[in-house]
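Contents: one structure, followed by commentary.
The values are calculated or read from the model by the stated rules, or taken from the named source; none is laboratory data. Computed from a prediction, not measured in an experiment: that's the story for all the values here. Cβ placement follows ideal geometry from the backbone for every residue including glycine, while neighbour counts extend to all protein chains displayed. Accessible surface is based on the protein model in full, side chains and every heavy atom, while ligands, DNA and RNA are left aside. Shrake-Rupley method; radii C 1.70, N 1.55, O 1.52, S 1.80 Å.
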Amino acid sequence: MSQEFRGLTSEERAALESGLSLASRLADAAPPLTAALVQDLYDTLSSQYPEYGEGIIAAGLAFGELLAQKVPLEWVRVKDEFGEETGLAIPDLKIFCSPVSMIQKRVRESARVSITDLCNAMASELQRMADSGEYDSRP
């Protein structure tokens, strides 16, 4: 199955904003959160997973915002063979990532993560894919 992208509905946009707001409240800081604050959030919440899965989702959204500061990305809804979720895509290109899933996976694996390194690596990979032209979907 191929990936399908679409813009967020008003309800999905509200859920995104609610998740980002939760991340800010948990970090006790105004948005956008810095990499250090997202790191602290990840480290704290990962010790409480799955009891506080909603917080991990919020940390994933905050991680996505960090990523969007490095690469021109927009929040979209992505549907693929694994299901449907809110993710980030490069406008006009068939390139996306799922920051919430990325964080959830690492928490489930009890992985020690450098949020800064993960963000930089993902930004580099997304930019490499965009620069290759292989994923261009423009007419």
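Data for the structure
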read-out: Computed magnitude of the charge dipole of the chain (debye, nearest 20; Cβ of K, R +1, Cβ of D, E -1); value: 120 debye
read-out: Degrees between helix 115-132 axis and first principal axis of the chain (Cα, 0 to 90, nearest 10); value: 0 degrees
read-out: Order by protection proxy (mean Cβ within 10 Å, highest first), peptides 25-36, 98-109, 58-69, 6-17; value: 58-69, 98-109, 25-36, 6-17
read-out: Per residue solvent-accessible surface (Å²) - the range 28-86, probe of 1.4 Å; value: 51 Å²
read-out: Rel. contact order, % - alpha carbon contacts under 8 angstrom, at least six apart, the range 53-139; value: 31 percent
read-out: Ellipticity estimate at 222 nm from DSSP helix runs (n ≥ 4, -39,500 (n - 2.57)) divided over the chain, nearest 500; value: -18000 deg cm²/dmol
read-out: Shape of the range 35-88, Cα gyration tensor, a/c cut at 1.5; value: oblate
read-out: For Rg and Dmax of the Cα atoms in Å, calculated from these coordinates, the label among (1) 28.5, 91; (2) 34.5, 128; (3) 14.7, 47; value: (3)
read-out: Farthest positive-ward along the chain dipole, Cα basis, beta-carbon charges - from GLN3, MET122, ALA27; value: MET122
